[in-house]
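The values are calculated or read from the model by the stated rules, or taken from the named source; none is laboratory data. On a predicted model such as this, the values are computed, not experimentally measured, just so you know. All Cβ positions, even for glycine, are placed from backbone atoms using ideal geometry, and neighbour counts span all protein chains on display.
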Amino acid sequence: MPVVISENAPRNLLQAIGRGFLMKCPNCGIGALFTSYLKVAPACSSCGEELHHHRADDAPPYFTILVVGHVIVPLVLAVEMTFHPDLWVHAALWLPTTIIVAMSALPLIKGALVGHQWALYMHGFNPRDREAEPSNS
């Protein structure tokens with residue numbers, strides 16, 4: 001099988017994911033990645049890197065559910081096995097906790113996924129792909 005060598009300069013994957021997780025531009029780590037709760041900025045306000053190419057789609061909610069479920073379920077089981085509270089106590093404790101943790105983690109996870117896509121030149125993040133696009137003028 002032939003080896004395909006990318007002509008693009010390699011990007012640091014872990015650094016890009018970390019910067020995205022911190023909701024910063026995966027290129028420079030300075031500019032804000034989001035203009036609002038989950039809306040990715042069209043371009044970095046600091047370095048000008050275009051960010052509108054991302055295709056996060058359903059991945060951030062999926063990974064958020066995966067992560068939050070693996071955190072909340074063991075806590076629910078530990079509280080149940082230790083204290084045996086009534087069901088209304090579980091509902092009063094875990095419903096708001098789950099919602100708060102999920103809503104807090106969602107932009108962090110989406111940022112990490114956008115950073116991942118940027119680092120691997122996925123979708124429109126590859127400058128060579130943009131050169132091949134026909135212009136609309």
Condition check for Leu38: in contact (Cβ under 8 Å) with a residue 24 or more places away in the chain, among the hydrophobic types (A, V, I, L, M, F, W, C) and part of a loop (DSSP other than H, G, I, E, B): yes
Tally, over region 46-76, of residues that are surrounded by 13 or more Cβ atoms within 10 Å (Cβ to Cβ) and not aliphatic (A, V, I, L, M): 9
Residue in region 63-71 that is in contact with a Phe, Trp or Tyr (Cβ under 7 Å, 6 or more places away or on another chain) and not aliphatic (A, V, I, L, M) present: no
Pair list, Cβ under 7 Å, 6 or more apart: region 95-110 residue part of a helix (DSSP H, G or I), other residue among the aromatic types (Phe, Trp, Tyr): Pro107/Phe34; Pro107/Tyr37; Leu108/Phe21; Ile109/Phe63
Out of Pro107, Pro96, Pro61, Pro42, sole residue that is touching a His at 6+ places or on another chain (Cβ under 8 Å) and at negative phi: Pro42
Residues being under 30 Å from His90 (Cα atoms) and either in contact with a Ser or Thr (Cβ under 8 Å, 6 or more places away or on another chain) or among the aliphatic types (A, V, I, L, M) (or both) - total across region 17-74: 9
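If you take the residues in region 3-59 that are acidic (Asp, Glu) and under 11 Å from the mean Cα position of the chain (by Cα), which one is modelled with the highest pLDDT?
Only one residue fits best here, namely Asp58.
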